[in-house]
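Step one of this worksheet: look at the structure below.
Values quoted throughout were computed directly from the atomic coordinates according to the rules given, and no laboratory measurement underlies them. Fair warning: this is a prediction, and the values are worked out from it, not measured in the lab. Glycine also receives a Cβ, built like all others from the backbone with ideal geometry; neighbour counts cover every protein chain displayed.
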Amino acid sequence: MTRQYLVAGNWKMNGSLKANAELLSGIAAQAATVADVELMVCPPSVYLDSVGRALSAGVALGAQNLSEQAKPGAFTGEVHGTMLVEFGCRYVLVGHSERRALYGETDQRVAEKYQTAQTLGLIPVLCIGETLEERESGATELVLSRQLDAVLDRCGIASFQSAVVAYEPVWAIGTGKTASREQAQAAHAFLRGLLAGRDAKIAGSTRLLYGGSCRPDNAHELFSCADIDGGLIGGASLKASDFLAIAAAAQSLSKA
């Protein structure tokens, strides 16, 4: 039975027309070698059009953020979900740790964005995770359950039939530190258990991604965990060879 991994690249606030074209060309050249893995890239919103036009077959387009507003209007600087759909986006990140920490997005606002994304036909990638201080104080599970429950309570377990969850230990994002295989699996198993408490079937089919310094040299070990279904890749997604090497790790496990 093929396991459907998802390897998603979050470019963050990086890129240029030239750099994007080179990156996408490199991905396209080898995308067929990881045909059993779903690939997705999330460029900055200003590049959604050009990136969407340049994507090779089998690579999905995602956005890094959206407004929680149900309708477009006087919200200067925001991007409405219908605009993302118009440019071909299938996925959108919600609740990334940088949005929570730098822009004050609360669990409630993240839940609103999640709901809006689904209402408008987008698949939300719900990002959750604890800080180093929270982990060291033993609050990891408390934080994860709080962040996940905010969405479950607002949108219900059925909504996770069309959603992805990305566990991002904040202390491992862009630091070069990575959760150990045991730490990562424990967090993912805990999250799947929370979903299973609402509906075991939906919990089993929901894809849980690991985000936090996932690299070619550790991807296979992480993806081999029972409850990790791919990765949300940051810095390594900006180099085609690294991004594809991570996807190749998933490819090697997809039919195991």
So which residues in the stretch 83-99 are of a type outside the set (A, V, I, L, M), in a helix (DSSP H, G or I) and within 19 Å of TRP11 (Cβ to Cβ), if there are any at all? SER97, GLU98, ARG99
Counting just the residues of the stretch 29-42 that are touching a strand residue (DSSP E or B) at 6+ places or on another chain (Cβ under 8 Å) and either within 25 Å of VAL79 (Cα to Cα) or acidic (Asp, Glu) (or both), which one comes out surrounded by the most Cβ atoms within 10 Å (Cβ to Cβ)? CYS42
Taking the residues in the stretch 46-89 that are out of contact with any helix residue (DSSP H, G or I) (no Cβ under 8 Å at 6 or more places or on another chain) and polar (S, T, N, Q) as candidates, determine which candidate is farthest from GLY234 (Cα to Cα). THR76
Among ALA54, ALA60, ALA32, ALA8, which is closer than 12 Å to LEU244 by Cα and free of Cβ contacts under 8 Å to residues at least 60 places away in the same chain? ALA32
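Restricting to the stretch 1-23, and then to whatever is in contact with a Ser or Thr (Cβ under 7 Å, 6 or more places away or on another chain) and of a type outside the set (Gly, Ala, Ser), can you tell me which residue is surrounded by the most Cβ atoms within 10 Å (Cβ to Cβ)?
Per the criteria, the residue is ASN10.
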The one condition ASP227 fails out of (1) assigned to a helix (DSSP H, G or I); (2) in contact with a helix residue (DSSP H, G or I) (Cβ under 6 Å, 6 or more places away or on another chain) is (1)
Looking at the structure I just gave you, is GLY156 in contact with a helix residue (DSSP H, G or I) (Cβ under 8 Å, 6 or more places away or on another chain) and either within 22 Å of SER67 (Cα to Cα) or surrounded by 17 or more Cβ atoms within 10 Å (Cβ to Cβ) (or both)? no
